[in-house]
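Visitor: Please see the structure below; I have some questions.
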Amino acid sequence: MDPCKAFMLALMRIHVDPCGSMWIHEDLYEDLYEDTRGLQRNRITDIIRRHLLTRGCRLQGNSSGRMRRIMANIVRIEVCIDDPSFASASAAAGADRIEMCSALDLGGLTPTPSALGRSIQSGIPVTAMTRLRPGDFILDPEDISRMRDEIVSHIAAGAEGIVLGALKNNGEIDTEALSWLLDACNGTPVTFHRAFDHCSDRILGLEQIIDSGCQRLLTSGGAPSALEGVEEVARIVEAADGRIEVMAGGGVRPGCGAELVRRSGVQWLHLSARDPASGAGAGPQRGSNPAPLGSLDPGPDAPRMVTDPQQIRQLAIELGRE
C-alpha cells in the first residue's frame, strides 16, 4: 500500500474529543499494544505507537465498543509514607505527590502534626490522611467531629489535599458523614481512600463520591492488589469518565506499573514502595517477644519497613518518565 494512503487510513482510526482524549479504534489498539510482530511489519502503526508512548499514555479499555481512549498525559506517582524523613528522597526519586500517614502497617492513620509539617518540606504536594483508627470505616458523630478538627489542622499546616473515607454498616458510602467532612475541607482537594474497595456497590459508590465533591479516588478494584483487580479498576475508570481522578493502589511495585496503566487507564499509581530495613534500621535480634506492647505488637525482631527510593525510580523509568 502507498505509505501516504496507509498513514491517512491509520489517522482515520484515531479521534480526539474536545476534552483532549484520544480515541482509537479497537483494531488499531490491538495492533499497537498486543501484536508486536505486527508492529515490526507495520511502520505506520509503529510511528504512532512510539509517539503516544513517549508522551506517556493512559489507556482505557472498552470491551463493549469499537473505540478505546488514550490520554496523552504523563502517568503520575503518589507515594504514601509514615516517616517524614523519606519525603524528600521520594520526591527526588520521581514521586509527584506524597500521602502522609502514620501506621502504614494498619492501613494508614492520621499523621502527627510534626510528621506532616516535616513532609511538606519535601517541595512536592502533600496530602494528609484523616483516619482515626484501623478497622471499619463507620463514623459516629464524635468521629466526624474529631476528623473535622484534624482536617482543619492539616490544612492549616500546609496540606494540599485530604484523604478520608466513610461507609455505612451496609457497605454503602455514608454520604451524610462525607458531606460534613468535605465541608471542613473548604475546597481543599479530597481523596476518597480504599474504604471504597469495601463498598457493596462500587459503581453506585463512585457516583456518590463524585456527587459529594471528592476530586480523587484510590482503589485496588476491591482486590488484594490493583493488578489482581485491574479489570474492576478499568470498569471504574470507564464509569468515572474523567469526572474524578482514579488512582490504582494496592501492591503496586516496579514490574507491574506499566501493565496496570495499559489495562486500566489510570493516570496515577499509588504505592508505599517499602522494603525491610537493613543494617541499623533492622532492629535488634533478641529471639522472642516476651513483653508485647499490644495485641498487634510484632516484637523487637520484626524488621522496620522503610521507603525504598529505588523502587520509585524504577517505576518512573518503567512509565517512561526518565
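The values are calculated or read from the model by the stated rules, or taken from the named source; none is laboratory data. These numbers were taken from a predicted model, which means no experiment stands behind them. In this analysis, Cβ positions are derived from the backbone assuming ideal geometry, glycine residues included, and neighbour counts consider all displayed protein chains.
Visitor: Looking at the stretch 128-144, is at least one residue in the same structural domain as ASP183 (by TED's automatic domain parsing), surrounded by fewer than 16 Cβ atoms within 10 Å (Cβ to Cβ) and hydroxyl-bearing (Ser, Thr, Tyr)?
Guide: The answer is no, given that none of the residues of the stretch 128-144 is in the same structural domain as ASP183 (by TED's automatic domain parsing), surrounded by fewer than 16 Cβ atoms within 10 Å (Cβ to Cβ) and hydroxyl-bearing (Ser, Thr, Tyr).
Visitor: Identify the single condition in (1) charged (D, E, K, R); (2) modelled with pLDDT of 95 or more; (3) more than 17 Å from ALA87 (Cα to Cα) that GLU160 does not satisfy, given that it satisfies every other one.
Guide: If we test GLU160 against (1) charged (D, E, K, R); (2) modelled with pLDDT of 95 or more; (3) more than 17 Å from ALA87 (Cα to Cα), just (3) comes out false.
Visitor: What do you reckon, is ARG216 in contact with a Gly (Cβ under 8 Å, 6 or more places away or on another chain), within 19 Å of GLU78 (Cα to Cα) and touching a residue at least 24 places away in the same chain (Cβ under 8 Å)?
Guide: Yes: the conditions hold for ARG216.
Visitor: Give all pairs with beta carbons closer than 7 Å in which a residue from the stretch 158-174 that is without any contact (Cβ under 8 Å) to a residue 60 or more places away in the chain meets a residue that is acidic (Asp, Glu); count only pairs at least 6 apart in sequence or on separate chains.
Guide: What qualifies is ALA166/ASP174; LEU167/ASP174; LYS168/ASP174.
Visitor: If only one of ALA223, ALA184, ALA195, ALA177 is in contact with a Gly (Cβ under 8 Å, 6 or more places away or on another chain) and within 18 Å of ASP143 (Cα to Cα), which one is it?
Guide: ALA195
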